[in-house]
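This report concerns only the one structure given below.
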Amino acid sequence: MRVMVTGAGGMLGTDVVSELVRRRHEVYALARANLDITDPADVDAAVLEIAPDVVVNCAAWTDVDGAEKNEAAAMAVNDTGAGLLARAARDRGASILHISSDYVFDGEKRAPYVESDMPHALSAYGRSKQAGETSVSVANPRHWIVRTSWLFGTGGDNFVETMLRLAREQPEVLVVSDQVGCPTYTQHLAGALADLIEGRDYGIYHAAAQGSCSWFEFAQEIFDQTGTECRVMAATTEMLGRPAPRPRYSVLGSERPDPIVLPHWREGLRDYLRERARVAA
């Protein structure tokens, strides 16, 4: 299968490209420097030249707090750019797989969100991802929209690296304990995305690690698994005063008869730390 991957230089895109190459697909990896997905001419030219069977869109504005100050820029990438890719793919007879987020939900449900739950984003970032879902689904009926959660991987900076860096600099860290989600290892997610384009029905899917925890609990597990001496102190969302509101509970579940099942988040962390050590060796 001929697959065009946008955002290929990012954390998830790196693992998606590696997984697709491992499965012997013909992969065209386009990083931000290779393709501006907000430019209609660039998008049309890239899709025309590559003539993919599937476009996997890993390109995204991921700065949640930055989006509060520049919602138009976040919308340009997460909504307009996603729609341009979907439309160009449709015009060439290709499918599109688009990555979305648990932040399209407001966190008020207090039970795992399933695919049919109505999005109601709290933040500019969440609104941009919610809008992108609509743009993709309208532009191309041959779509997979995959909502995922709290990504970490070796291809980019992430919460694990932030915690380990802070532990080297100070004896204790302050971490929010009232936001709950599903930390998801990008290598595990990449395998599920490859499975989707290899034969799953089109539609909306939730794909996140099994289990759930708060950021506070995730930090504790990071230090436990790495044997790091650092005290984790619990904080409320209000105490940290971040610009963007976050859902207090954004655990993703599934109502599908054939749900995507990823390993538990603790297993994802173990696998990440093993891969991190291998890369550093």
**Item:** 0 to 90° range, to nearest 10: angle between helix 40-50 axis and the chain longest Cα axis
**Value:** 70
**Request:** Report, to the nearest 10°, how far helix 215-226 tilts away from the longest principal axis of the Cα atoms in the chain, using its own Cα long axis and a range of 0 to 90°.
**Result:** 80
**Asked** Per residue, what accessible area does the range 100-237 have, given a 1.4 Å probe and all protein chains present, in Å²?
**Response** 39
**Percent RCO, i.e. relative contact order, over the range 80-128, from Cα pairs under 8 Å lying at least 6 residues apart** = 32
**Item:** Pairwise centroid distance, computed over Cα atoms, of the range 232-281 with the range 98-128, Å
**Value:** 15
**Fill in**
Here, Leu48 and Asp157, labelled 7 Å along Cα→Cβ, have an inter-label distance in nm of 3.8
**Request:** Please give the calculated 222 nm ellipticity per residue for the chain, where each DSSP H segment of at least 4 residues contributes -39500 (n - 2.57) and the sum is spread over every residue; nearest 500 deg cm²/dmol?
**Result:** -12000 deg cm²/dmol
**Prompt:** At q = 0.12, 0.17 Å⁻¹, what is the log10 ratio I(q)/I(0) for the range 43-116, with the Debye formula run over Cα points and no solvent?
**Reply:** -0.44, -0.76
**Fill in**
Among [x] 0.96; [y] 1.09; [z] 0.93, the value of Rg/Rh (Cα atoms, Kirkwood Rh) computed for this structure carries the label [x]
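The values are calculated or read from the model by the stated rules, or taken from the named source; none is laboratory data. On a predicted model such as this, the values are computed, not experimentally measured, just so you know. Glycine also receives a Cβ, built like all others from the backbone with ideal geometry; neighbour counts cover every protein chain displayed. Side chains included, ligands, DNA and RNA excluded: accessible areas come from the protein's heavy atoms. Shrake-Rupley method; radii C 1.70, N 1.55, O 1.52, S 1.80 Å.
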